[in-house]
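Below: one structure, written as structure tokens.
The values are calculated or read from the model by the stated rules, or taken from the named source; none is laboratory data. Just so it is clear, the structure is predicted and the values come from calculations on it, not from any experiment. Using ideal geometry, Cβ is built from the backbone for each residue, glycine included, and neighbour counts are taken over all protein chains shown.
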Amino acid sequence: MPTIPETQRPKILILATLSGGYAGADSVGQLHADYPTNTYILPVICPCMFPEQFYLRTFERGIDGILVMYSGTDSPYRGGPERAAKLINQTYPLMKELGLDTRRLKLAAICTVCTKPFLKEVQQMETLLEGIGYAKKEIAAHAAKQPQAA
């Protein structure tokens, strides 16, 4: 299988909570474990602070997959995991309206020492994106199929 040049690989954004996902990413780094270099990690306090439009704009601007890595229900922020899950569920229909495959956005419970689950989630997203391609192209193809307003 030919390797895809780094500049042409689909981009993955990880919104990693400081209380879980980011600490998990840090644990992966301490192990010197490898994960795809087309992965960008953004530490966040709580992913429910981002509205649905944030995710849509992120796809429109060139990110191809988003993993929201949360520490799960043991989060120090009361109600945060539930609000984040609700927000992501509200984003899926909006993604469909743009013609985006909803598998591009995933919420995953990653704890402070979850190195294997962290690596597994990133690899699964990488594999998915290699199969379905770029978000911008998916959006453009859907827009081209839409009837033009008179």
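Observations on the structure shown:
- Yes/no for residue 97 being without any contact (Cβ under 8 Å) to a residue 12 or more places away in the chain, of a type in the set (Asp, Glu), assigned to a helix (DSSP H, G or I) and farther than 21 Å from residue 17 by Cα: yes
- Some residue of region 76-90 being among the hydrophobic types (A, V, I, L, M, F, W, C), outside any helix (DSSP H, G or I) and crowded, with 17+ Cβ neighbours inside 10 Å: no
- Residues of region 60-76 classified as at pLDDT 90 or above and within 14 Å of residue 15 (Cα to Cα), total: 6
For every residue, the table says whether it meets (1) hydrophobic (A, V, I, L, M, F, W, C); (2) farther than 15 Å from residue 57 by Cα; (3) in contact with a strand residue (DSSP E or B) (Cβ under 6 Å, 6 or more places away or on another chain).
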position: 81; (1), (2), (3): no, yes, yes
position: 93; (1), (2), (3): no, no, no
position: 96; (1), (2), (3): no, no, no
position: 99; (1), (2), (3): no, no, no
position: 104; (1), (2), (3): no, no, yes
position: 121; (1), (2), (3): no, yes, yes
position: 124; (1), (2), (3): no, yes, no
position: 136; (1), (2), (3): no, no, no
position: 147; (1), (2), (3): no, yes, no
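- Qualifying positions in region 120-143 - surrounded by fewer than 19 Cβ atoms within 10 Å (Cβ to Cβ) and aliphatic (A, V, I, L, M): 128, 132, 139, 140, 141, 143
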